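Novice: Input: one structure, supplied below.
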Ligand code: T1G
């Protein structure tokens, strides 16, 4: 058979094995091999049934995403699946591990499905800005019902073996050897001498369909704000009720083709590969042996310490939290339990899971209690002297070979590492608040950080369900350094004529969940103020900074927590309300500065905020603080809510065009001075007609 597919017979049963590592992606060769194998089995009179099984880590991870956006050679997956379904001999899918996307659709084209306990099945195409394009939107609702099918397809969530059995997605969950069990199952099917049952011949129960569809649309609009694929998923599933099977299949193919060519799908596919590319780190071999992380410790039980401890427990890692005294510790542990209780009351966590996670979290008041931790993450107040003191003590108390990590959001890792005798074991793990929710961790490498420490922390990031991105040492690392550039321009715009709600609306219309001013009120204007004071102490700014934000902090307007910041907040409400007092203050500042206020267009606001963000990203690349543009995209998607459908700031820059952005930056620099000087890299790309993607390809670490 074609490479990627093996064929053998076992008595009256033909066994077709998908063997295309690493995930049995259904690329052209596999599709061709599948068809040839099926035709061989059908033509062989000695064969009465077929078992289709995957080798390696699972059944199949779906269509080969790398083929998208290019012409796909025949046979298409939908054709292969149609031919399997039309087979006169029963085909049994035997699923272990993942059966996702086209892999799940392939199983749905079979006449029976059995699985072992490791099965994970789903149609995650929507997460790539697509819809299931090989019959999934037509077969799944017929097999498991409208609502469960909609839930799976519009969310892209997968189900495990037990749930798959409960739904009827598989007929049996077998113990022991899957292949042997599947052969047994096939022999029983042969004995029944039945006409192979085809899902396409089943009908969908349409009772209550309109309400179910409406609810699905509402959920999708909320859960995947601004993304179009979820609505296409729902439209296509709705056709399973409205249209004959083949007509609906044709429509599904049309929807798929439209989405495959969309900017949003290109952006989401870019992010899929970016998350995997981020694990390729210069100087760290892919097969670097990582250190075992069987137990962790967190220093500090404040907001960040609690979130980090929960993140570790959520990933199944026992964690001990250290605080200065028992009462502070108890208060912190209580807060953690309350946070889990909140998730349980919202239905996003079961009581059992809450108890299991709490059981993994313990407290300690002395360093000797955490001496055998495999990793210690310091999460105390952002003060260099305090951190250095703690790391000196950790160096003395914690076992050799342990990783000593700091959650600092901007301090110099190298200076902290120098407070120990083992700088090679020191690394930054910058979690984003709330740490138990936000997926991003900026892992900060010091000049001495060992390769296996980097590999271990990057693996730990993934193991606890986070997106780890390796960054270098500079003020603000990658995310916050770019945030400063973006926030400053937003504030300068106020001095020149804009108002907070106008700027915020432009930014939320662009796709961010919040604009810079509502975000400042959420984070706390006092927090930003302290960071700026600290930065001014370290490096007196070479330019005039906007100071309305400082003025508000000094007035005690700290944002939501004081019900007054850039906006007003009713008691208990998080809804920002424009405040005439602030508008007067802003107009007054313009006057003080001798700036004649002017009408500022939404387009200028957008360019003035987003382009400097991109420009700072280009500088970060020039300085080697980020390894590649797609890493910066991940930082902004997972740390700051950059709209996923735009792929991140650097992917968006390519969509706009580096030339357009460079020319806009040159104009802004002309008009507003040094802060907006175009980055050299941006200028070079613009002049040579290249994109950030070209830059990444040329610099790729393999
Ligand atoms: N196509 C191409 N490459 C893939 C791939 C795929 N579907 N899935 C994984 N890879 C690569 C990945 O880039 C990485 O490469 C390596 O395999 C290991 O992946 C018609 C149109 C399957 C759960 O969305 O969710 O079917 O970095 O590190 O953690 O309707 O990969 O080593 O060079 O993630 O064990 C739908 C996507 C496709 C599933 C395994 N399927 N994949 O996770 O390994 S669209 C998906 C995953 C489709 C049909 C539609 C995960 C995984 P490299 P990995 P993992």
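Novice: Does region 579-589 include one or more residues that are touching a strand residue (DSSP E or B) at 6+ places or on another chain (Cβ under 8 Å) and assigned by TED's automatic domain parsing to the domain that holds residue 660?
Specialist: Checked region 579-589: at least one residue is touching a strand residue (DSSP E or B) at 6+ places or on another chain (Cβ under 8 Å) and assigned by TED's automatic domain parsing to the domain that holds residue 660.
Novice: If you check 308, 317, 336, which single one turns out to be in a loop (DSSP other than H, G, I, E, B), crowded, with 19+ Cβ neighbours inside 10 Å and at pLDDT 95 or above?
Specialist: Unique residue meeting the criteria: 317.
Novice: Determine, yes or no, whether residue 386 is crowded, with 18+ Cβ neighbours inside 10 Å and part of a helix (DSSP H, G or I).
Specialist: no
Novice: Here's a follow-up. Only residues that are in contact (Cβ under 8 Å) with a residue 60 or more places away in the chain and within 16 Å of the ligand (Cβ to nearest atom): list them for region 93-102, please.
Specialist: Narrowing region 93-102 to residues in contact (Cβ under 8 Å) with a residue 60 or more places away in the chain: 94-96, 98, 102.
Within region 93-102, 95, 96, 98, 102 meet the criteria.
Novice: Just to be sure I understand, how many residues within region 4-26 are in contact with a helix residue (DSSP H, G or I) (Cβ under 7 Å, 6 or more places away or on another chain), in a strand (DSSP E or B) and without any contact (Cβ under 8 Å) to a residue 60 or more places away in the chain?
Specialist: Within region 4-26, residues that are in contact with a helix residue (DSSP H, G or I) (Cβ under 7 Å, 6 or more places away or on another chain), in a strand (DSSP E or B) and without any contact (Cβ under 8 Å) to a residue 60 or more places away in the chain number 5.
Novice: Evaluate region 540-559: report whether one residue or more is in a strand (DSSP E or B), in the same structural domain as residue 600 (by TED's automatic domain parsing) and either without any contact (Cβ under 8 Å) to a residue 40 or more places away in the chain or surrounded by fewer than 20 Cβ atoms within 10 Å (Cβ to Cβ) (or both).
Specialist: Yes: region 540-559 contains one or more residues that are in a strand (DSSP E or B), in the same structural domain as residue 600 (by TED's automatic domain parsing) and either without any contact (Cβ under 8 Å) to a residue 40 or more places away in the chain or surrounded by fewer than 20 Cβ atoms within 10 Å (Cβ to Cβ) (or both).
Novice: Another question, if that's okay. Considering every residue within region 458-478, establish whether at least one is part of a helix (DSSP H, G or I) and over 18 Å from residue 631 (Cα atoms).
Specialist: The answer is yes, given that some residue of region 458-478 is part of a helix (DSSP H, G or I) and over 18 Å from residue 631 (Cα atoms).
Novice: I would also like to ask the following. State yes or no: is residue 38 more than 12 Å from the ligand (Cβ to nearest atom), assigned to a helix (DSSP H, G or I) and assigned by TED's automatic domain parsing to the domain that holds residue 185?
Specialist: When the stated conditions are applied, residue 38 passes them.
Novice: Mind listing just one residue for me: the one in region 273-287 that is in contact with a helix residue (DSSP H, G or I) (Cβ under 6 Å, 6 or more places away or on another chain) and assigned to a helix (DSSP H, G or I) and, of those, nearest to the ligand (Cβ to nearest atom)?
Specialist: 277
Novice: Which one of 364, 402, 417 is in contact with a strand residue (DSSP E or B) (Cβ under 9 Å, 6 or more places away or on another chain) and closer than 30 Å to residue 484 by Cα?
Specialist: Every option except 417 fails the conditions.
Novice: State yes or no: is residue 134 away from the ligand (no atom under 12 Å from the Cβ) and either within 23 Å of residue 264 (Cα to Cα) or not assigned by TED's automatic domain parsing to the domain that holds residue 77 (or both)?
Specialist: Spelling it out, it is not the case that residue 134 is away from the ligand (no atom under 12 Å from the Cβ) and either within 23 Å of residue 264 (Cα to Cα) or not assigned by TED's automatic domain parsing to the domain that holds residue 77 (or both).
Novice: Follow-up. The conditions are (1) closer than 29 Å to residue 439 by Cβ; (2) not in a helix (DSSP H, G or I), and residue 636 fails exactly one of them. Which is it?
Specialist: Going through (1) closer than 29 Å to residue 439 by Cβ; (2) not in a helix (DSSP H, G or I) one by one, residue 636 breaks only (2).
Novice: Sticking with this one: Consider region 74-92. How many of its residues are under 19 Å from residue 27 (Cβ atoms), away from the ligand (no atom under 13 Å from the Cβ) and buried (at least 20 other Cβ atoms within 10 Å of the Cβ)?
Specialist: Of the residues in that region, 1 qualify.
Novice: Residues in region 107-127 that are buried (at least 24 other Cβ atoms within 10 Å of the Cβ), more than 19 Å from residue 251 (Cα to Cα) and within 10 Å of the ligand (Cβ to nearest atom): how many?
Specialist: Of the residues in region 107-127, 1 are buried (at least 24 other Cβ atoms within 10 Å of the Cβ), more than 19 Å from residue 251 (Cα to Cα) and within 10 Å of the ligand (Cβ to nearest atom).
Novice: Across region 491-523, what is the total count of residues that are part of a loop (DSSP other than H, G, I, E, B) and at pLDDT below 90?
Specialist: So in region 491-523, the residues part of a loop (DSSP other than H, G, I, E, B) come out as 497-499, 511-515.
Going one step further and asking which of them are at pLDDT below 90, we end up with none.
Number satisfying all stated conditions: 0.
Novice: Determine if region 139-159 includes at least one residue that is within 16 Å of the ligand (Cβ to nearest atom), closer than 29 Å to residue 8 by Cβ and buried (at least 24 other Cβ atoms within 10 Å of the Cβ).
Specialist: Yes, that holds for at least one residue.
Novice: Taking region 169-192 as the search range and keeping residues that are within 10 Å of residue 112 (Cβ to Cβ) and not in a loop (DSSP other than H, G, I, E, B), which one is nearest to the chain's Cα centre (by Cα)?
Specialist: 172
Novice: Every residue in region 21-35 that is more than 10 Å from the ligand (Cβ to nearest atom) and within 27 Å of residue 117 (Cβ to Cβ), please.
Specialist: Passing the criteria: 30, 34.
Novice: Of the residues 468, 497, 472, only one is within 16 Å of the ligand (Cβ to nearest atom) and under 30 Å from residue 515 (Cα atoms); which?
Specialist: 468 is the lone residue from the list that is within 16 Å of the ligand (Cβ to nearest atom) and under 30 Å from residue 515 (Cα atoms).
Novice: Next question. Look at region 108-123 and say how many of its residues are touching a residue at least 40 places away in the same chain (Cβ under 8 Å) and within 24 Å of the chain's Cα centre (by Cα).
Specialist: Total satisfying the criteria: 4.
Novice: Let me ask another. Do we find a residue being assigned by TED's automatic domain parsing to the domain that holds residue 176, touching a strand residue (DSSP E or B) at 6+ places or on another chain (Cβ under 7 Å) and more than 24 Å from residue 243 (Cα to Cα) anywhere in region 140-158?
Specialist: There is at least one residue in region 140-158 that is assigned by TED's automatic domain parsing to the domain that holds residue 176, touching a strand residue (DSSP E or B) at 6+ places or on another chain (Cβ under 7 Å) and more than 24 Å from residue 243 (Cα to Cα).
Novice: For region 172-180, indicate whether the set of residues that are in contact with a helix residue (DSSP H, G or I) (Cβ under 9 Å, 6 or more places away or on another chain) and in contact (Cβ under 8 Å) with a residue 60 or more places away in the chain is non-empty. Quick ask: steps written out before the conclusion?
Specialist: Here is the first cut: in region 172-180, the residues in contact with a helix residue (DSSP H, G or I) (Cβ under 9 Å, 6 or more places away or on another chain) are 172-175.
Keeping just the survivors that are in contact (Cβ under 8 Å) with a residue 60 or more places away in the chain gives 174.
Yes, the conditions are met somewhere in region 172-180.
Novice: Run residue 449 past the list (1) part of a helix (DSSP H, G or I); (2) not assigned by TED's automatic domain parsing to the domain that holds residue 622 and report the number of the one that doesn't hold.
Specialist: Failed condition: (1).
Novice: Same structure, new question: Is it true that residue 105 is assigned by TED's automatic domain parsing to the domain that holds residue 160 and without any contact (Cβ under 8 Å) to a residue 12 or more places away in the chain?
Specialist: no
Novice: With the requirement that a residue be within 26 Å of residue 646 (Cα to Cα) and surrounded by 15 or more Cβ atoms within 10 Å (Cβ to Cβ), what does region 577-601 give you?
Specialist: Result: 600, single match.
Novice: Right, here's the next one. Only one of 311, 345 is touching a residue at least 60 places away in the same chain (Cβ under 8 Å) and either out of contact with any helix residue (DSSP H, G or I) (no Cβ under 9 Å at 6 or more places or on another chain) or not assigned by TED's automatic domain parsing to the domain that holds residue 425 (or both); which?
Specialist: Numbers: 345 fails: touching a residue at least 60 places away in the same chain (Cβ under 8 Å).
On inspection, the qualifying residue turns out to be 311.
Novice: Mind counting the residues in region 56-70 that are crowded, with 17+ Cβ neighbours inside 10 Å and more than 11 Å from the ligand (Cβ to nearest atom)?
Specialist: 0
The values are calculated or read from the model by the stated rules, or taken from the named source; none is laboratory data. A quick note: this is a predicted structure, and the numbers were derived from the prediction, not measured. Cβ atoms come from the backbone with ideal geometry, glycine included; neighbour counts cover every protein chain shown.
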